[in-house]
Each structure stands twice: as structure tokens, then as C-alpha cells.
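Here you go, one structure.
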Amino acid sequence: MQFDARAAKLLAPGAHIIMDDYPGLRLKATAASRAWVYRYKSPLDGKMRQIKLGDWPAVSVAAAIVKWESLKLQRDDGRDPSVEKRAERHQAKAEVVEKRVASREEKYTVARLCNDYLVGHIQRNRKPKGATEIGRMFEKMLGDFGTQPAATVTRAAAFTFLEQFLDIPVQGANIRAELGAAWDYALDAGRLPESSANWWRLVMRGRFRSKGKTIAGENIGTAKRVLSDQELAILIPWMPHFSRMMEDVITLYLWTGTRGAEIVAMRVEEISEEADGLWWTIPKSKTKNARHENAADHRVPLVGRAEAVVRRRIEKVGKDFLFPARGTAGHTQQKVIQETVYMHQPYCKVRAENYRVRLTVSHWSPHDLRRTTRTLLAVIGCPEEIAEAIVGHMKPGIVGVYNRHNYDKERRVWLTRLDAHLEGLAKVQRTAPVVEAAAAG
């Protein structure tokens, strides 16, 4: 039949006009439009399908016939126009998605990945000081590598990046570990393709080996320093040459075995008078074990010189911190203790023109005193589990889950014996302190 434009306009929704001279070509009406459709039997599976050619009158009769002829030729060649159009549409969508993903991955740099890890994990799960150090490490060590798209980092690229830190093995091991954790975080969050490999877990394993500290141009190796009885017999009588605050902190290191960060942050409200004597209860949140579910507050009996130090400082400060920082509402920082000890070492050349009393027991740091206390507990016969409880180490594995005994009574017994041992050493003075004169000129 001849196409009648007036009939097409009057076509009711759901009705259609068949073009007899063009098999399968028809004009279908809906409430909103009139559309040309090619209806045919698929040569692939024999099912009836249809494909839209365009809306009338935008697509004229002649234009519809041209499109119909092209599609009919495809069908006659054994192809299914509808299936092919659908495949083309899916391919186009896939290409758009692929370009979008590629663009997003290109913008998601190593530096941005590390920042997401820092904000989303580190700052939520580590103490502020540690989080600040991780952020500083990323900022300082990533350099131009941070601008590289994270998804394109290859094994060779990861190896080359880490290789530059072989001469600073401690920092190299740290950046390797944190990048491995950052990649895991990004993969878990879906910010990297699931097919991305975490090369940081695989390359340079075991290659970062510390050569130990170098002091005054001499490499002293990686051995952990423990002061001997002979050295303690010299150091303890020497300690009054420190300032009173320094002497008190060093005393608490030796008489309690606690960590320096815990000592300098000690508060008046953490001290309690109990039936068996004075106790210092360090809240779990302030300990190194804070992130462990099974950890508890750390209980420290204050015996001998430790008790005397704490009582005197409470009387002096009245409230808040026992070791307040000058000019602030906070406490003295642990690094102040470390720097002060270093300043008194005989090999220290910082401000060499200033007079100061030099240590007669050298090559030690405040943390070595904690290790020394733990060793002394073993020397005087303290059982392993009690000694570990005294220094605040968590019980390992399944023992830590089921053995909930706090060893309070045993802690006081063995720290009392440690006090006696240290006081015995303190009575033996071997060397007078040395005062270094100001540098000439």
C-alpha cells in the first residue's frame, strides 16, 4: 500500500501500518511517537525480532526504505541486525567505562593512595605521633614517584624505587612495609583494580639489613645495649649531676622498667595508695599495647627510689602531669630525655663550647635502661612471665587469651628485690664525674 501521511497522523497508539512492498517494514504508533520498525525472523535462531529505524516524520518514508534495504541485506546474508546492534551498543558502553576507569586510575596516584591510607587507617589506628611520622615519611621519601598512577606500578618500578634506600636500611624497610599496607588498603577499598599486584610484599624481601649505629665515627653494630652491674655502680651515683627532672626520669626507668613515653606522661590521678603500698596504673590507651583487644591497664608497684620520686613530684606539682613541660599545659617530651642524655655523652660535639659534666658510662640511651632492668630481673631469678608482666609485654598467643592473672603481688615482690639489688650497686662508687672545659677559641 502507498504511505498515507494523514493516516499515519491519525494512527491510534498500539496500531501500525504495514508497508506491503517492503516485507517487515512498518510504522508503529505509541502515545508519544510514530516509529519505523523492521520486523523479521532471525536467521540465527528463527526467533522474531525487530529493530527501530527512527521516528517519523524525522525519518521520511524514503529514508526508512533505505535503512530497511540495508538491514534486509544483512539478514539475507545470515546476520541478525538486532543482535549486532545490541553488541555494538554493549561494546560502546564498555569502551566508555574503560576510558572512565583508565582516567580515574591515571588520576589515582601513588601519593593519593598513600594519603588515603594515612587518613583512612593510620590516623584512626595509631597514636598521633606515629601517624605524623608516617605522613612525614611519605612526604619526604616518595618524591617524583608519588606522581605515578598507582595502578601502573610494575614490579621493576617498585624494585627500582626501593633500591635507592639500601644505604638507609631502617627507613627503607619502613617505607616498604607501609607501602605494602597502603596497597592492601587500596585494594580492599576498591580503589585499585582487583588484578593489581601488591609488589611491595614481594620485592626486596630481606634486603634491608641495618648495619647498626655509628657513634663518633665508629660503627658499634646492631647489638642491643645492656648496662653491666659495674656500669650501674658508676652511673647511679653519677645521676645527681643531671637536672632533678632528668635524674627522676632515669630513676623511674631503672626502678620500674616502664617505657619512656609512659614515664614522662605520668599523671597524679594515675597514682593510688593501696593496702600494700603505692601503685601507678597506666591506662591501656597510653600503653604500646593499646591496639590489642586483650590488653589491659599496666599496673606498676612503686618501690624504693621510684616511690620517693613519685611522692616528691606529686607534692611539687599537685595535679596533672608529674613532669610538666615548661611554658605549656602538656608534659615533657620523651625526646627531651634522649637529647639530654646525648648532650652529656663524652663524644657529643653539640654546643661543645658549653661547660657540662660528661657521663663516665657512655654509649647508652634511655631505652637501654629499660632493657637493662628486664635483664636484671632475669639475673636475680625473676620468673619469665612475671618479668614480662613488669615491663608491660603482652602474653604471647593463646596464653594471653586464657591466662588473665595480673601478677600484682608478684610484681611488688620482684621489684622490691630489684630495688635491693640496685641499691647494693649504688653503694659502690668507682669513678668521679668528669667536667669538660669550654673549647678554646
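Read the figures in this text as sums done on the coordinates, not as results from a lab. Only a predicted model underlies this, so the values are computations on that prediction, with no experimental measurement involved. All Cβ positions, even for glycine, are placed from backbone atoms using ideal geometry, and neighbour counts span all protein chains on display.
Using alpha-carbon positions, what is the distance between the centroids of the stretch 14-68 and the stretch 148-211, in Å?
59
Which of 425, 73 comes first, and how do the rest follow, when ranked by fewest Cβ neighbours within 10 Å?
On the way: 425 19, 73 11.
So the residues, fewest neighbours to most, are 73, 425.
What residue among 170, 110, 37 has the largest mean-square fluctuation in a Gaussian network model of the chain, using Cα springs under 10 Å?
Of 170, 110, 37, the most mobile in the Gaussian network model is 37.
What range in the chain is the longest one free of GluC sites (Glu not before Pro) that are in a loop by DSSP and have at most 16 other Cβ atoms within 10 angstrom?
Working: sites that count: 194, 293, 353.
The answer is 1-193.
Using DSSP to call loops (not H, G, I, E or B), can you name the trypsin sites (Lys or Arg not before Pro) in the stretch 263-313 whose Cβ has at most 15 other Cβ atoms within 10 angstrom?
When the trypsin sites (Lys or Arg not before Pro) of the stretch 263-313 are filtered for loop state and at most 15 Cβ neighbours within 10 Å, 288, 291 remain.
Here is a further query. Please list the equivalent ellipsoid semi-axes of the stretch 5-102, computed as the square roots of five times the alpha-carbon gyration tensor eigenvalues, in descending order and whole angstrom.
Each semi-axis is the square root of five times an eigenvalue, giving 27, 19, 12 Å.
Taking every eigenvalue of the Cα gyration tensor of the stretch 229-436, multiplying by 5 and rooting it, what semi-axes result, largest first, whole Å?
Sorted largest first and rounded, they come to 29, 20, 16 Å.
Would you kindly compute the Cα radius of gyration of the chain and its largest Cα-Cα separation (Dmax), both in Å?
Rg, Dmax (Cα atoms, Å): 38.7, 124.
Using the number of other C-beta atoms within 10 angstrom as an exposure proxy, rank 264, 341, 391 with the fewest first.
Least crowded to most crowded, the residues run 391, 341, 264.
Expected output is a single nm value to one decimal: the length gained when fully extending between residue 8 and residue 126, i.e. 0.36 nm times separation in residues minus the C-alpha distance. What is it?
So the chain would gain 35.1 nm between residue 8 and residue 126.
Next up: Do the alpha carbons of any pairs in 72/93; 284/335; 129/224; 140/335; 129/409 sit beyond 28 Å of each other, and which pairs?
129/409
Okay, which of the stretch 168-193 sit inside 12 Å, backbone N to the point 7 Å along the Cα-Cβ direction of residue 291?
Label zone hits: 178, 181-182.
Please give the helix 244-256 orientation as an angle from the longest Cα principal axis of the chain, in degrees from 0 to 90, rounded to the nearest 10.
80
Multiply the residue gap between residue 311 and residue 62 by 0.36 nm, knock off their C-alpha separation, and tell me the result in nm, one decimal place.
Gain on stretching residue 311 to residue 62: 79.2 nm.
Now a separate question. Could you give the length gained by full extension between residue 189 and residue 147, i.e. 0.36 nm per residue of separation minus their alpha carbon distance, to one decimal place?
Between residue 189 and residue 147, full extension yields an extra 13.1 nm.
Using Cα positions and a limit of under 15 Å, work out the aspartates and glutamates in reach of residue 127, with same-chain residues fewer than 8 apart set aside.
Within reach: 262.
Going by C-beta contacts inside 10 Å, put 382, 348, 114 in order with the fewest on the left.
348, 382, 114
Using the alpha carbon gyration tensor of the stretch 144-211, what are the three equivalent-ellipsoid semi-axes (square root of 5 times each eigenvalue), largest first, in whole Å? Please list the in-between numbers first.
Values: eigenvalues 97, 29, 20 Å².
Equivalent ellipsoid semi-axes, largest first: 22, 12, 10 Å.
Looking only at 39, 351, 112, which one moves most when the chain is put into a Gaussian network model with springs between Cα atoms under 10 Å?
Checking each option, the largest mean-square fluctuation is seen for 39.
Let me ask something else about it. Which one, 94, 150, 173, has the greatest fluctuation when you compute a Gaussian network model over the chain with C-alpha springs under 10 angstrom?
94
Right, here's the next one. The chain: longest stretch without exposed chymotrypsin sites (Phe, Trp or Tyr not before Pro) (DSSP loop, at most 14 other Cβ within 10 Å), sites themselves excluded? Let's see the in-between values first.
On the way: sites that count: 347, 355.
Excluding the exposed sites themselves, the longest stretch runs over 1-346.
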